[in-house]
Amino acid sequence: MYLINIEVNKDISPEQHDALFAQHVSWFQRYFDAGKFVLIGPYADRERAGVIIARTESREELDAILKEDVYFPNSAKYEIREFIPKMLGNWQ
């Protein structure tokens, strides 16, 4: 699994951000519906930033998905960390 931190660049105007964000939402909804994104959400303490937990067959598959994001690669910073889930509680 992968933890992806996404932070939109500060030099993007509010108007540009609003236009791009609608496309970004469509992108992550498609991969959430496909089961590739397990959790998606904005940070409560940082504007224009959020996290995705992804489950893909490989890093190559994840990279291909990320390249479809409207923010990739120049409009946002992507930090990607692979992790091995060990415990998952009933949190829904």
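The values are calculated or read from the model by the stated rules, or taken from the named source; none is laboratory data. The model shown is predicted, which means the values in this text are computed figures rather than measured ones. Using ideal geometry, Cβ is built from the backbone for each residue, glycine included, and neighbour counts are taken over all protein chains shown.
For this structure, a couple of remarks:
- Going through (1) more than 25 Å from His17 (Cβ to Cβ); (2) at pLDDT 95 or above; (3) among the β-branched types (Val, Ile, Thr) one by one, Ile84 falls short only on (2).
- Note on the stretch 37-55: residues that are under 11 Å from Val8 (Cβ atoms), out of contact with any helix residue (DSSP H, G or I) (no Cβ under 7 Å at 6 or more places or on another chain) and in a loop (DSSP other than H, G, I, E, B) amount to 2.
- Per the conditions (1) among the aromatic types (Phe, Trp, Tyr); (2) under 15 Å from the mean Cα position of the chain (by Cα); (3) modelled with pLDDT under 95, the sole criterion not satisfied by Trp91 is (2).
- So Gly35, is it in contact with a Pro (Cβ under 6 Å, 6 or more places away or on another chain) and at pLDDT 90 or above: no
- Criterion (of a type in the set (Lys, Arg) and surrounded by 14 or more Cβ atoms within 10 Å (Cβ to Cβ)) met by exactly one of Lys67, Lys36: Lys36
- Subset tally (residues that are assigned to a loop (DSSP other than H, G, I, E, B) and under 14 Å from the mean Cα position of the chain (by Cα)) for the stretch 61-76: 8
- Looking across the stretch 42-60 at every residue that is in contact with a strand residue (DSSP E or B) (Cβ under 6 Å, 6 or more places away or on another chain) and not hydrophobic (A, V, I, L, M, F, W, C), the one that is nearest to Leu88 (Cα to Cα) is identified as Arg55.
- Subset of the stretch 1-33 (residues that are of a type in the set (S, T, N, Q), outside any loop (DSSP other than H, G, I, E, B) and either in contact (Cβ under 8 Å) with a residue 60 or more places away in the chain or surrounded by 15 or more Cβ atoms within 10 Å (Cβ to Cβ) (or both)): Asn5
- Against the list (1) part of a strand (DSSP E or B); (2) surrounded by 13 or more Cβ atoms within 10 Å (Cβ to Cβ), the condition Glu79 fails is (2).
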